[in-house]
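Taking it in order: structure first as structure tokens, then the write-up.
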Amino acid sequence: MPNQQQIDQAREKMDETLDWFKTCDLEVLRRDELGEKLSFEQAMPNIERVVTFYRNLLDCNLAELPVVTMNQISSAGAATIEILGRIGRFDPEKAQNPFPERTQLIQQIRDRWEADYPAVAPVLAYATKSSADFQRLEREARGTLSELGESKKQFKKTTDDILASMTSALGEVQDAAKKAGVAQHATHFNDEADLSKRIAIGWLVAGVVFGLGATAYVLWHVEPALSTLTNPTAMQLVQASIPRLLIVFILTFGMIWSAKNFTSSAHNYVVNRHRRNALASFQTFVEGASKPDVKDAVLMQATHAIFTPQDSGFAKGEVPNPTSQVVEVFRGMKE
């Protein structure tokens, strides 16, 4: 059984070995100054792997390791240090065959990983496990879960309170909207109707311009050019017609596109004007009703008129003569 002096010596030797890896400069071992062919760039993955392997031991508790294990770590580390030192001292000018010697050093540092792993890996696994207080971690985890549970309850209570407050506020907003009336919002749809009207006029003007341009081009360019041909062949007709027909097609396409956008803008104008009228007349019907359910019916009908698409006569695919509930509203007001 080793005495205390032997234990101290083994620990001191192991610490010196690990300290070397701690202060080792990996960039120096790259040896870029030797050039691309003689540098040790190719060996850097193996160098970094083996150095990091020993550096991981510095973060572990190694106080309880037996002497034989500490000696194994020191011996394996010394062998690795010796190879790394030879890489750091490698001088191509002093070497008889620099390329084979460089290749041999690269092979040796690669083999050191296989030799160091059996000696270091079990120690690293044991020291890592002993360094971690798993019971403390478990207690902290349980405490964290408990705090999360309390936070979840508190969060649920807070969200329920916020939801209740939002529901109450929504009711107050709805009541305030009924009292204040909605007629004042007709100006928004009025602005939209005016904008759609101006856009529709612009597209109408563009369509007329494209149409007049197509007509003028046919009368002043296509027809005179074709009339100058005497007994034209089919090829001559094709050569004379295709460029001119292309221009006619572009002008016609612009006219059709302008007409399509005109109808869309006119549709938007009519719909927004209808909604403006519905909102503007809403307050009159509400003030003329005496029963709360009749007022609610008027509000429902105004909402229906605002958010339901109306038949404008411009857009395709519309339902002709959409149904309305105005008669039922008037009947409720009479009752």
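The values are calculated or read from the model by the stated rules, or taken from the named source; none is laboratory data. Quick caveat: nothing in here was measured; it's all calculated off a predicted structure. Don't worry about glycine lacking a Cβ; one is built from the backbone with ideal geometry, like all the others, and counts go over all protein chains shown.
Quick notes on this structure:
- Filter result for Thr52 (within 46 Å of the chain's Cα centre (by Cα), part of a helix (DSSP H, G or I) and either modelled with pLDDT of 85 or more or of a type in the set (S, T, N, Q) (or both)): yes
- When restricted to residues that are touching a residue at least 60 places away in the same chain (Cβ under 8 Å), assigned to a loop (DSSP other than H, G, I, E, B) and either within 51 Å of the chain's Cα centre (by Cα) or surrounded by 17 or more Cβ atoms within 10 Å (Cβ to Cβ) (or both), region 55-106 contains 4.
- Looking only at residues of region 39-50 that are farther than 13 Å from Ala121 by Cα and of a type in the set (A, V, I, L, M), we find that the one that is surrounded by the fewest Cβ atoms within 10 Å (Cβ to Cβ) is Met44.
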